[in-house]
Amino acid sequence: MFEDVTKNLRFFLLSLKYNWLSFLVYRTQAFVWMVVSTFSTLSGLISISVIYSISGGLPGWSYFQMLALVGMANMVYSIINFMIGPQTFVRALRNGGFDQALTKPYDPIISIFARYGTPYNIGGIISGIGLLAYALSNTAVNALSIVSSILLFGFGAAAVVMFLVMISLVSYVLFRSGNYLQWITAITTSASQYPLAIYGLAGTLLLTVGFPIGLASFYPAEMLFLKINYVYFLAILVLSVVLFIIFYKTSKWLLKFYTSGGG
Amino acid sequence: MNEWLKPYGSLLKINFKNTTVYRADMALSTVLTLVSSLVFILVWSAVYYFSSSTAINGVALITTIAYFLVIGAVDLVEMSSLVSNMQNDLQYGNIATSLIRPMSYVSQLIMGIAPDMVILFCFGTVPIIVLVVLLGNFAPSIVTVLLFIAAILVGVSIFNLIGFIFGGLSAYLTNVWGVYSAVSWIFAIAGGGIAPLAFFPHAVTNALLLTPIPITAYVPAATILGMIPSSIAIQSIVVGLVWIVILALIAWFEWTKISKKLNAVGV
């Protein structure tokens, strides 16, 4: 078991290294794409700044707390895209390009991350961390809430990344297309930059279990500022783990529908 | 005259047929654009709900809601595949086939993007705006409607001229999509896509109104909803026209240079 994990991890890191090397061949282009990936964070920052400059803002959330939430939402968005580009992945499934990944002696899910991620999204991750750090330097948070928040963020991000793998496979099986997934991810990220309460119960459920991006943005931000207690924290943590397992198992099952030569 | 127009008609007909093959994709684009607007509508509704006054910077909630719907509707008509079409043509040599046709390459490009725009305008933009105006009781005057149409035409022209300039850059760069994405983001942020420019500091709004950015989103939406007086709309349209001339000159200069580099395998 442990040997298996190490083998897969080594393969993933090695693939990451070569993805980076090939990405950096065109250095100017790499720089431009990294800058582009920070624009989503910039857009969130401007949006929140405008809201708080002309109104009292959103109830229960100060300006800097909202900036932290924006930072987290954009970090998870960039992590998703760093790990998997659904459009590219579904296209590879469709034209039979996934065959090569299946011939390798590694977990096929790891092969997906190794082949279909987009390295330039590191720019979005860095800008998200930067905004979060700036927000935290202006608000009072304790060490325990930071650790708890990081835990929620980690498991939440894992669940949402696995969800993207699963939904890409569902999309391939049903429609043989995944062009719209990138767009849906962007819209849900934009939605998860704000407190979920403003979307009502339906919206909250949608962003918690339907497209669980809230697990890695809203709830960790709530934990960071102690807006939820530790029982709630544990419940969200368990939910993230359970969803991750469900999405992983379903993805493995859906991979059986892949036919060489696509469809 | 008739014979001269015939090839254009045939090409346009084929492009319309090609576009309507992916009807579900077009419907999905429309729906997702509106869902995207819905996020902003819900956020701003919450801001208004918890605000002490019924209007923020003189803009009422109903106008802000309508604004984001109109922005989404205007956005539909401005999305075009011009940059990717040009990049494919120039880098993979597809342009060689285009150049042997009895019409200019630029005309072919325009006819390549026109069907998408016309269909999305007729079945997306117009119905959404009519519904918004009727349901929100906005009652724009004929002059306002004409200014709105003029602003959209100027905005679409500016967007496509910028697309043409960046598409042309693919003769020199390996991939222009990154740079163009950056420009599109700037247009979305500074053009009123995340908040009406009326909510920005006055100095920023006034400075932005001198650029070609607000005419692509804020000005048409604010005009039809009565958020800006006709004089500001006219001034923005005039500024937009000046920018069209500037961008057209840049595009012409760039295309003249690229034309010299063209060969059977592209550039």
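One residue alone among B:136, B:163, B:124 is in contact (Cβ under 8 Å) with a residue 12 or more places away in the chain, farther than 26 Å from residue B:243 by Cβ and of a type outside the set (D, E, K, R), and that residue is B:136.
Tell me which of these residue A:71 doesn't satisfy, since it passes every other one: (1) surrounded by fewer than 18 Cβ atoms within 10 Å (Cβ to Cβ); (2) away from chain B (no Cβ under 14 Å); (3) out of contact with any Pro (no Cβ under 7 Å at 6 or more places or on another chain). That leaves (1) as the condition not met.
When each of B:207, B:222, B:233 is tested for being assigned to a helix (DSSP H, G or I), modelled with pLDDT of 95 or more and over 20 Å from the mean Cα position of the chain (by Cα), the lone residue that passes is B:207. Of everything listed in (1) at negative phi; (2) away from chain A (no Cβ under 14 Å), the single unmet condition for residue B:202 is (2). In the range B:93-108, the residues that are exposed (fewer than 12 other Cβ atoms within 10 Å of the Cβ) reach residues that are modelled with pLDDT of 80 or more and part of a helix (DSSP H, G or I) with C-beta atoms within less than 9 angstrom, at least six apart or across chains, in these pairs: B:97/B:89.
Considering the range A:94-103 alone, what residues qualify as being in a loop (DSSP other than H, G, I, E, B) and among the polar types (S, T, N, Q)? Spell out how you get there, then give the answer.
Narrowing the range A:94-103 to residues in a loop (DSSP other than H, G, I, E, B): A:95-98, A:103.
Correct list: A:95, A:103.
When restricted to residues that are assigned to a helix (DSSP H, G or I), within 14 Å of another protein chain (Cβ to nearest Cβ) and farther than 19 Å from residue B:78 by Cβ, the range B:141-174 contains 2. The single condition from (1) under 16 Å from the mean Cα position of the chain (by Cα); (2) small (Gly, Ala, Ser); (3) not in a helix (DSSP H, G or I) that residue B:73 fails is (3). Give me a count of the residues in the range B:42-82 that are among the aromatic types (Phe, Trp, Tyr) and either at pLDDT below 90 or closer than 22 Å to residue B:215 by Cβ (or both). So the count comes out to 3. Inside the range B:53-81, can you point out the residues that are facing chain A (nearest Cβ under 9 Å) and among the hydrophobic types (A, V, I, L, M, F, W, C)? B:56, the sole residue that qualifies. Quick check: anything in the range A:129-149 aromatic (Phe, Trp, Tyr), more than 14 Å from the chain's Cα centre (by Cα) and part of a helix (DSSP H, G or I)? Within the range A:129-149 (the criterion being aromatic (Phe, Trp, Tyr), more than 14 Å from the chain's Cα centre (by Cα) and part of a helix (DSSP H, G or I)), the answer is yes, since at least one residue qualifies.
Hey, any hits in the range A:54-70 for a residue that's under 15 Å from the mean Cα position of the chain (by Cα) and within 30 Å of residue A:130 (Cα to Cα)? Full working, then the answer.
First, the residues of the range A:54-70 that are under 15 Å from the mean Cα position of the chain (by Cα): A:69-70.
When the remaining residues are screened for being within 30 Å of residue A:130 (Cα to Cα), the result is A:69-70.
Yes, there is a match, as at least one residue in the range A:54-70 is under 15 Å from the mean Cα position of the chain (by Cα) and within 30 Å of residue A:130 (Cα to Cα).
Which of the residues spanning the range B:1-30 are at the interface with chain A (Cβ under 10 Å from one of its Cβ atoms) and polar (S, T, N, Q)? Once the filter is applied, which keeps residues that are at the interface with chain A (Cβ under 10 Å from one of its Cβ atoms) and polar (S, T, N, Q), the range B:1-30 yields only B:29.
How about the range A:164-183: which of its residues are surrounded by fewer than 18 Cβ atoms within 10 Å (Cβ to Cβ) and within 10 Å of another protein chain (Cβ to nearest Cβ)?
Result: A:175, A:177, A:179, A:183.
When you look at residue A:142, is it polar (S, T, N, Q), farther than 18 Å from residue A:259 by Cα and away from chain B (no Cβ under 14 Å), yes or no? Yes: the conditions hold for residue A:142.
Residue B:190: hydrophobic (A, V, I, L, M, F, W, C) and either surrounded by fewer than 20 Cβ atoms within 10 Å (Cβ to Cβ) or under 21 Å from residue B:60 (Cβ atoms) (or both), yes or no? I'd like the intermediate steps shown before the answer.
Numbers: hydrophobic (A, V, I, L, M, F, W, C): yes; either surrounded by fewer than 20 Cβ atoms within 10 Å (Cβ to Cβ) or under 21 Å from residue B:60 (Cβ atoms) (or both): no.
Against the criterion (hydrophobic (A, V, I, L, M, F, W, C) and either surrounded by fewer than 20 Cβ atoms within 10 Å (Cβ to Cβ) or under 21 Å from residue B:60 (Cβ atoms) (or both)), residue B:190 does not qualify.
Note on the range B:31-52: residues that are more than 7 Å from chain A (Cβ to nearest Cβ), within 16 Å of residue A:47 (Cβ to Cβ) and either hydroxyl-bearing (Ser, Thr, Tyr) or not in a helix (DSSP H, G or I) (or both) amount to 3. A Cβ distance below 7 Å, combined with a sequence gap of six or more or placement on separate chains, defines the contacts here; from the range A:41-52, residues that are more than 7 Å from every other protein chain (Cβ to nearest Cβ) and buried (at least 18 other Cβ atoms within 10 Å of the Cβ) reach residues that are assigned to a helix (DSSP H, G or I) and among the polar types (S, T, N, Q) in the pairs A:41/A:74; A:41/A:127; A:44/A:74. Is it true that some residue in the range B:4-17 is farther than 16 Å from residue B:124 by Cα and either surrounded by 20 or more Cβ atoms within 10 Å (Cβ to Cβ) or β-branched (Val, Ile, Thr) (or both)? For the range B:4-17, residues farther than 16 Å from residue B:124 by Cα and either surrounded by 20 or more Cβ atoms within 10 Å (Cβ to Cβ) or β-branched (Val, Ile, Thr) (or both): present. When you look at residue A:20, is it in contact (Cβ under 8 Å) with a residue 12 or more places away in the chain, hydrophobic (A, V, I, L, M, F, W, C) and under 24 Å from residue A:217 (Cβ atoms), yes or no? No, not satisfied. Restricting B:98, B:84 to residues that are within 14 Å of chain A (Cβ to nearest Cβ), of a type in the set (Gly, Ala, Ser) and at negative phi narrows the list to B:84.
The sole residue among A:258, A:219, A:199, A:232 that is of a type in the set (Phe, Trp, Tyr), touching a residue at least 12 places away in the same chain (Cβ under 8 Å) and surrounded by fewer than 22 Cβ atoms within 10 Å (Cβ to Cβ) is A:258. When residue B:16 is tested against (1) in contact (Cβ under 8 Å) with a residue 60 or more places away in the chain; (2) not in a helix (DSSP H, G or I), exactly one condition is not met: (2).
The values are calculated or read from the model by the stated rules, or taken from the named source; none is laboratory data. All of these numbers come straight from a predicted model, not from anything done at the bench. Don't worry about glycine lacking a Cβ; one is built from the backbone with ideal geometry, like all the others, and counts go over all protein chains shown.
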